[in-house]
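The values are calculated or read from the model by the stated rules, or taken from the named source; none is laboratory data. Nothing here was measured: the structure is a model prediction, and the numbers come from that model. Reconstructed Cβ throughout: ideal geometry from the backbone, glycine too, with neighbour counts over all protein chains shown. To get the accessible areas, we keep the full protein, side chains included, count just its heavy atoms, and leave off ligands, DNA and RNA. Shrake-Rupley method; radii C 1.70, N 1.55, O 1.52, S 1.80 Å.
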Amino acid sequence: MAIILSALKEPAGEKRVALSPAVVAKFVKGGFEVLLEKDSGAAAYFPDHLYTEAGATIVNRQTALAKANLIAVVDRPDEDTLAQLKKGQVLIGLLKALVEPAVIQDLAKRQVTALSLELLPRTVSRAQNMDALSSQASIAGYKAALVGANAFTRYLPMMITAAGTAKPAKVLVLGTGVAGLQAIGTAKRLGAIVSGYDVRPASRNEVESLGANFLTSSVNAVGEGGYARQLSAEEQQQQQDELAGFIAKNDIIITTAQVPGRKPPLLVTQKSVEAAPAGTIFVDLAASDLGGNVYSSKPSETITTANNAQIIGAQDLPSQLATSASEMYARNMQAVINTIVNEAEIVIDVKDDVLSELVATYQGEIVSGRLRQALKLPDKNTDKPDPSAAATAPAQPATTEGEK
Ligand code: NAD
């Protein structure tokens, strides 16, 4: 019997879709039966007829959920939808496992299998084509530079014209991971003078290879797996003080700093926001309900301050570039599904070096090592409590005084 793969229509405001018509055609060719909830791809400009032409069937949500062996999503579905999932079904998407692990624990209790793409071990080279965090961050970084340029009331490049010369804009990118590097590359191509800053010294070479200046941080915060670690309160204060000087010299500040499973670090303080000259643009990719990198940023909102600076809460940039973002995401999804399907059977090898992290729940258990740590569960290999668990506890609720 063919494996049945469904994609759901995403929650309101999300324009991406988990499967593109091109990827659906590949699954159908590979012997899958594919069901698409009606209008799933409409906001990414993939109308239903493109999916039917690719061999999928358009169904309502109830059917997409009831019949599927595998359910592909971008964002984690709402509670009602999760409640309808049954034992043995496999849900794959950006499920926020580290941020809201209790929801995942509930899926485990109900024996629903969940693969949370944020848990992918990104440094394993054969996992690179599954890396949805990178594909989506890359899109966000590119779009951040465009959003910043669009809101800015001056030229980005130097312009020498008969009507005079315009000096180039200065763009500062705080956090030079995947999104930050893409923002740097895009701002450079638009002709700005660009600087990058990160607490991982290793990013210097990447920033400089794009022709941007690297601003050295006095705080070194290399964490595990290539990520940054959370700063202590003293380090954060030191960083905020040194960043204030850098921020004041720039016109557009794009912030992308994240620490996995934690609320984003505050890099631009109230003082820096209030001191910014009129026309300064802050684009905060880390803006979230937990807080952002820029004081007072709000997800999906643009705030104009009393001094006429703009703070753009830009956590939804991949959704704004929905067609490209969905095409890339669908290819990541295809790679993940190909890893767990073997000759029309779903085979989840929890000892595999990628799946042992990517799989959040399987057969009623929490599998992923990082998620187990976050939940303070004993390490699966030793059955002993993990001593480092406290260092990777789930996200804390919003801002505390000490961080401002
Ligand atoms: P991320 O989204 O977790 O964070 C974005 C950036 O913010 C990172 O560069 C991080 O160092 C920086 N940051 C965090 N706290 C900060 C602070 N207080 N001040 C300034 N900057 C801060 O990062 P990401 O883009 O997902 O990348 C994380 C790492 O993973 C990088 O080292 C990247 O090169 C690596 N990576 C490797 C692969 C691979 O090997 N295939 C793929 C993707 C990413």
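Taking every DSSP helix (H) stretch of at least 4 residues in the chain, weighting each as -39,500 (n - 2.57) and dividing the sum by the residue count yields a mean residue ellipticity at 222 nm of -9000 deg cm²/dmol. With a Förster radius of 25 Å applied to the C-beta separation of A278 and K249, the computed FRET efficiency comes to 0.95. Of the residues T216, T255, ranked by 1.4 Å probe accessible area with the largest first, the sequence reads T216, T255.
For the pair region 310-385 and region 151-214, the centres of their Cα atoms are 33 angstrom apart. 3J(HN,Hα) along region 14-30: 9, 8, 6, 9, 6, 10, 8, x, 5, 6, 4, 4, 5, 5, 4, 4, x Hz, from the Karplus curve 6.51 cos²θ - 1.76 cosθ + 1.60 with θ = phi - 60°, whole Hz, x for Gly and Pro. Only the Cβ atoms of Lys and Arg (+1) and of Asp and Glu (-1) were treated as charged; on that basis the dipole of region 142-320 about its Cα centre amounts to roughly 440 debye. Over the chain, with a Gaussian network built from C-alpha contacts below 10 Å, which listed residue (M130, M159, M328) shows the highest mean-square fluctuation? Its mean-square fluctuation being the largest, the pick is M159.
Counting protein heavy atoms only, the chain has 52 percent of its accessible area on carbon and sulfur, 1.4 angstrom probe. Projecting the Cα atoms of P318, T269, A169 onto the charge dipole of the chain (Cβ charges, centred on the Cα centre) puts A169 farthest toward the positive pole. The Rg/Rh ratio of region 97-184, with Rg taken over Cα atoms and Rh as the Kirkwood radius over Cα pairs, comes to 1.24. Spatially close Lys pairs in region 142-320, defined by Cα atoms under 15 Å apart and a spacing of eight or more places or different chains, total 7.
Identify the GluC sites (Glu not before Pro) of region 260-361 meeting these criteria: DSSP loop state and at most 13 other C-beta atoms within 10 Å of the C-beta. Taking region 260-361 and a limit of 13 other Cβ atoms within 10 Å, the loop GluC sites (Glu not before Pro) found are E301, E343.
When only Cα pairs below 8 angstrom with a gap of at least 6 residues are kept, the chain shows a relative contact order of 18 percent. The share of alpha-carbon pairs in the chain lying farther apart than 42 Å comes to 16%. Between E343 and N60, the FRET efficiency estimated from the beta carbon spacing at R0 = 30 angstrom works out to 0.45. Please list, in order, the residues from region 188-206 whose amide nitrogen is less than 15 Å from a point placed 7 Å along the Cα→Cβ vector of K167. Answer for region 188-206: 192-194. For G196, the residues whose modelled amide H falls within less than 5 Å of its own, excluding neighbours fewer than 5 places apart on the same chain, are V173, N213, F214, L215.
Full extension of the chain between T216 and H49 gives 54.9 nm of extra length, using 0.36 nm per residue less the Cα-Cα distance.
Computed on region 1-141, with alpha-carbon pairs under 8 angstrom and 6+ residues apart, the relative contact order is 20 percent. With a probe of 1.4 Å, find how much accessible area the chain has per residue, and write the answer as a whole number in Å². Here the per-residue accessible area is 45 Å².
What FRET efficiency comes out for the pair D379/A202, r = Cβ-Cβ distance, R0 = 30 Å, nearest 0.05? With a Förster radius of 30 Å, E is 0.60.
Normalised by the number of residues in region 142-320, the mean separation of alpha-carbon contacts (under 8 Å, six or more apart) gives a relative contact order of 19 percent.
Projected label points at T302 and T323, each 7 Å from Cα along the beta carbon direction, are separated by 2.2 nanometres.
Summing Cβ point charges (Lys, Arg +1; Asp, Glu -1) relative to the Cα centre of the chain gives a dipole of roughly 480 debye. Of the trypsin sites (Lys or Arg not before Pro) found in region 173-253, those in coil by DSSP whose Cβ has at most 13 other Cβ atoms within 10 Å are K249.
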